[in-house]
Amino acid sequence: MALLEARGIGKTYPGGVVANDGVNLVIEPGEVHAVVGENGAGKSTLMKILFGIEQPNAGTLMLEGKEVRFTKPRHAIEAGIGMVFQHFSLVPSFSVYENVVMGSEPHTGITFNRKTAIAEVQALSDKFRLKVDPLPPVGTLPVGQQQRVEILKALYRNARILILDEPTAVLAPQEVQELFVAIRSLVQQGKTVIFIAHKLPEVLEISDRITVMRQGKTVGEVKTSEVTEKGLAAMMVGREVTLRVDRAPTDQSQRVADVRGLRVVNARGTEVVGGLDLTVHTGEIVGLVGVEGNGQAETLEAISGLKPIAAGEIKLLGESITGLDVLDRRGKGIASIPEDRIAQGLATGATVAENLVATRLGERRYVRNGLLDLKAIRENATKLIERFSIRVGGPDYNVSTLSGGNMQKVVVARELAEQPRLLLVNQPTRGVDLGATQFIWRTITDARDAGAAVLLSSADLHELLALSDRLLVLYRGKIVAAFINTPDLTPETLGTYMLGLATQTADEMQPALK
Amino acid sequence: MSNVPSIDKSSRFKAVQAEIGRALGALAIALVVTAVIVFLTSKSPIEALTQLFTAPIAKVRTIGLWVDDIAKLTVTGLAFSLVFQARQFAMGVQGQVYVGGIAASYVVLSPIGSTPLGLAAGVLAAMAAGALYGFLPGIAKARLGANEIVSSLMLNYIAIELCNFLMRTSLPKPQPGVLTSIDFPSESVFPALVEKTRIDLGLIFAIVSVIVVWFALYRTSWGLKLRLVGHNSRFAEYAGIKSTFIMVSAMTASGALGGLLGAMFVQGQTWGKLTVLFEGGLAFEGILVAIVARSRPLAVPIVAVFYAYLRQGAALMNVRTDVPAEVIGVVTAIIILLVSSSFSLGFVTRLFGAKPAGSAAK
């Protein structure tokens with residue numbers, strides 16, 4: 001008998017969006033069951049229904065053969081279901097044990113029994129091999145440990161079934177391995193894990209069975225031992241996809257960007273980039289590798305002119321741009337695709353046409369005597385919508401009506417409407433589905449092939465390895481390793497340097513620094 | 001999304017329709033609540049409600065009061081819309097009205113005031129003073145990081161007391177002890193458009209302001225930059241827009257409108273002179289107008305028409321019956337609450353146990 005079963009789940013949101021349509025899911029006790037699908041395939045909605053956050057319009061949930069209805073997360077928790085969200089719900093200033101027991105604290109009389117709480121949390125973490133110190137404030141812990149706190153929270157409430165929503169998205173490769181160790185130990189001790197993901201190699205490694213979703217429907221359920229990555233990808237997308245880009249040989253003789261001794265300090269005065277030297281040549285993609293927060297984002301922002309620099313010099317084609325503002329640097333041929341499209345890359349309340357022209361308001365094509373040429377602005381938008389196949393009703397629609405992948409295409413279209421000299425890219429495909437990923441990779445590579453120098457930062461090592469010509473590993477704002485990208489280079493090798501476990505010597509780095 | 005809601009050409013129109021429906025729904029609910037209160041508190045509720053709903057259009061004179069309120073609420077609504085669109089919460093329109101009124105008074109009471117140029121000189125002086133007064137919290141925010149809400153509110157008090165002070169000291173008065181200036185020379189007073197009413201040149205200024213603000217926001221690059229800063233200032237910085245300049249200039253332009261409103265008060269048929277507290281708390285009601293109009297310049301006058309009617313109805317009800325004008329505060333509060341909380345009429349239908357209809361809000 002299945003432990004948890006969803007039959008014919010349907011969910012239509014008030015706006016008419018059909019998120020789930022006849023979805024079936026069968027979870028056997030003691031397995032790791034992966035649910036995969038592109039963004040917007042309805043995975044998250046299904047999980048929210050399992051956890052009682054959303055109510056289905058159709059279908060039934062069965063727990064151990066008995067029909068159940070969860071109208072609140074509390075009902076699901078009482079039934080033994082725990083969920084770890086992508087965005088953690090922790091109180092940063094509270095200690096680990098306080099976060100774990102919060103809401104169901106052990107008490108003697110009316111006082112909070114801290115000793116018992118600490119002991120219980122310690123016992124749980126030992127039992128399930130989720131190593132974490134109960135005492136420090138959660139805010140001081142790395143992301144991987146915070147995730148363990150979330151898992152402990154669910155276990156503390158006696159979860160038998162643990163739902164992990166894209167748990168690996170925020171982790172470095174080594175941390176992913178540690179998470180997998182923990183998942184295996186959970187399963188050994190009788191827990192059941194539902195694992196939501198869209199990175200297929202990880203799914204293949206950890207799961208026993210896989211349910212594939214596409215466009216709100218379940219496409220199929222397969223045994224992990226019987227599928228390949230390619231087959232799985234085809235099921236997810238509904239057609240064959242090749243997540244591969246061929247990098248043509250290009251002329252990389254000319255130095256485009258030349259950064260010397262770059263130093264950036266944050267608002268609190270802490271050094272986030274410490275004396276960075278790097279060069280990017282025409283027709284090459286240089287990947288900045290690192291766990292998030294090791295200075296990659298700041299380096300890119302310093303070059304684009306968004307972040308003031310504390311020291312150093314930035315040259316573009318031999319000419320110093322250190323003193324120029326954002327617009328002037330854009331005028332010199334710098335384009336940038338920022339990390340977070342909604343927070344920084346777009347004005348979602350404005351129309352597609354307005355977003356597409358926002359960086360060119362100094363050009364006579366669109367603005368004369370301070371007046372907008374609405375016709376030219378619309379034509380520009382229509383042309384770019386066509387060229388970058390953005391799915392939108394028209395230039396006058398608000399960007400907020402677009403899906404994540406199409407929003408990202410708006411950003412890419414604006415930045416690559418004209419061939420840039422230097423392209424700065426940060427997390428180009430985060431939260432973007434496979435189809436759009438393929439398109440965005442192609443577009444970035446095309447810019448490179450046409451002679452642009454590209455500086456790329458990404459949390460996805462597969463992306464970096466697929467696109468880059470050279471890779472620089474950053475740890476605490478310094479380059480600790482440099483590689484020329486070859487097929488032998490693995491995520492594990494990079495991971496060792498990313499976590500600061502090893503550092504290359506200057507001689508080792510030399511060949512890849514040019 | 002698995003099933004992108006089918007986007008057709010009319011979706012924009014539908015959104016506008018929904019907004020109007022929501023605003024009217026809020027108004028209806030607010031009026032029902034008001035009626036209940038009036039019935040509970042008044043000795044003659046029917047008489048009171050009749051006054052509230054019919055008094056403004058009962059006589060030519062009261063229609064004049066209504067139209068005059070429309071013009072003034074439109075201008076203050078536009079001033080707030082402009083800063084709200086740039087997502088600056090400057091609350092300084094009241095102060096700008098006072099400094100505008102003061103500046104206009106000094107100019108028109110000078111020899112220039114008795115020349116044909118007096119009227120225009122007064123208005124321009126008022127706008128310049130208002131603009132400067134709007135600029136101050138802007139530059140303080142840009143340079144010193146001063147919160148614009150706090151600084152603009154404080155500047156309001158300064159302006160009110162400055163008016164008070166000047167009235168007691170330097171301004172020429174008809175007789176000692178009164179707190180009004182001498183009447184402005186007739187060359188500097190806005191001519192009435194309709195005889196024996198308060199409908200004057202200010203109405204034309206209001207209409208022109210609507211067009212100018214709309215044009216500036218939607219047809220100039222400054223306006224596009226302003227709206228982009230308002231939508232997402234991080235994006236604006238990233239795109240190379242100098243958001244500090246936009247912020248300060250939006251607050252300055254809004255200040256000019258506030259100053260214009262000051263001139264409309266003191267140079268208009270309402271007063272034709274400067275007096276203490278001449279603005280009577282109207283400037284702040286622009287916040288309500290801007291919120292309900294969603295800061296859209298073309299919607300501002302429409303909202304002003306409705307709101308001015310209620311405002312005058314309440315004032316007349318106050319004078320003629322036992323219901324105080326403060327009752328209108330209830331209406332205002334409910335409307336702001338409902339409109340800004342993005343309610344939908346669906347909740348009303350649910351309240352009565354009916355099946356929620358998706359189209360109810362349209």
* For a footprinting-style exposure proxy, rank A:L306, A:L288, B:L257, B:L153 by other Cβ within 10 Å, fewest first. => B:L153, A:L306, A:L288, B:L257
* Asked: If the chain between B:V305 and B:R320 were fully stretched, how many nm would it gain, using 0.36 nm times the residue separation less the Cα-Cα distance?
  -> 3.2 nm
* To do: Please find the FRET efficiency linking A:K131 to B:F39, where r is the Cβ-Cβ separation and R0 is fixed at 45 Å, and quote it to the nearest 0.05.
  => 0.05
* **Cα-centre dipole for region A:255-512 with unit charges at Cβ (Lys and Arg positive, Asp and Glu negative), debye to 20** => 820
* If the label point is 7 Å along Cα→Cβ of B:I20, which residues in region B:299-333 have backbone nitrogen under 15 Å from it? -> B:299-306
* **Protection proxy ranking of A:397-405, B:69-77, B:13-21, A:160-168 - average other beta-carbon atoms within 10 Å, highest first** => B:69-77, A:160-168, A:397-405, B:13-21
* **Rounded if a/c under 1.5, otherwise prolate or oblate - chain B, Cα gyration tensor axes** => oblate
* Hypothetical label at B:V194: residues of region B:40-76 whose amide nitrogen lies under 16 Å (7 Å Cα-Cβ projection) -> B:54-72
* To do: Looking at chain A, send over the antiparallel percent of its DSSP beta bridges, to the nearest 5.
  => 55
* Structure fact -> Projecting the Cα atoms of B:N164, A:I210, B:W214 onto the charge dipole of the protein assembly as shown, where Lys and Arg contribute +1 and Asp and Glu -1 at Cβ, the residue farthest towards the positive end is B:N164
* To do: Please list, or write none, the lysines whose alpha carbon is within less than 21 Å of the alpha carbon of B:K14, excluding same-chain residues fewer than 8 places away.
  => B:K362
* Asked: Under the definition of Cα pairs under 8 Å and six or more residues apart, what whole-number percent is the relative contact order of chain A?
  -> 14
* Structure fact -> Stretched fully, the stretch from A:A58 through A:R387 gains (0.36 nm per residue minus C-alpha distance, one decimal, in nm) 114.4 nm
* Return a whole-number percent for the relative contact order of chain B, with Cα pairs under 8 Å and 6 or more residues apart as the contact set. => 33
* To do: Report, in deg cm²/dmol and to the nearest 500, the calculated mean residue ellipticity at 222 nm for chain B, where each DSSP H run with n ≥ 4 adds -39500 (n - 2.57) and the sum is divided by the residue count.
  => -22500 deg cm²/dmol
* Any idea how far apart B:N164 and A:T270 come out in nm if each label point goes 7 Å out from Cα toward Cβ? -> 5.0
* Taking the Cα centre of the protein assembly as shown as origin, work out the dipole magnitude from +1 charges on Lys and Arg Cβ and -1 charges on Asp and Glu Cβ, in debye rounded to 20. => 1840
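Between B:L179 and A:F94, what is the FRET efficiency for a Förster distance of 51 Å, r being their Cβ-Cβ separation, to the nearest 0.05? Intermediate values should be presented prior to the final figure.
Details: r = 59 Å, r/R0 = 1.16.
The computed FRET efficiency comes out at 0.30.
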* With 18 Å as the limit, write out which pairs from A:K383/B:K225; A:K43/A:K217; A:K153/A:K191; A:K230/A:K409; A:K43/A:K199 have Cα-Cα distances beyond it, or answer none. => A:K383/B:K225; A:K230/A:K409
* **region A:337-389: relative contact order as a whole-number percent, Cα under 8 Å and 6+ apart** => 27
* Asked: Per the helix-only calculation at 222 nm, which mean residue ellipticity applies to chain A, given -39500 (n - 2.57) for every DSSP H run of n ≥ 4 and division by its residues, nearest 500 deg cm²/dmol?
  -> -9000 deg cm²/dmol
* Structure fact -> In whole percent, the Cα-Cα distances of chain A spread across 20 Å bins from 0 upward as 20, 50, 27, 2
* To do: Quickly rank A:360-369, B:91-100, A:47-56 as a protection proxy: mean count of other C-beta atoms within 10 Å, highest first.
  => B:91-100, A:47-56, A:360-369
* To do: Using the charge dipole of region B:73-290 (Lys, Arg: +1 at Cβ; Asp, Glu: -1 at Cβ; taken about the Cα centre), state which of B:F278, B:G134, B:Y98 has its Cα farthest towards the positive end.
  => B:G134
* Going by how many other beta carbons lie within 10 Å of each one, how would you line up A:V473, A:V68, fewest first? -> A:V68, A:V473
* Structure fact -> Of the listed pairs A:K131/A:K478; A:K307/B:K242; A:K307/A:K514; B:K59/B:K196, those with alpha carbons more than 22 Å apart are A:K131/A:K478; A:K307/A:K514
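None of the figures in this text is laboratory data; all of them are computed from the coordinates on show. None of these values were measured; they are calculated from a predicted model. All Cβ positions, even for glycine, are placed from backbone atoms using ideal geometry, and neighbour counts span all protein chains on display.
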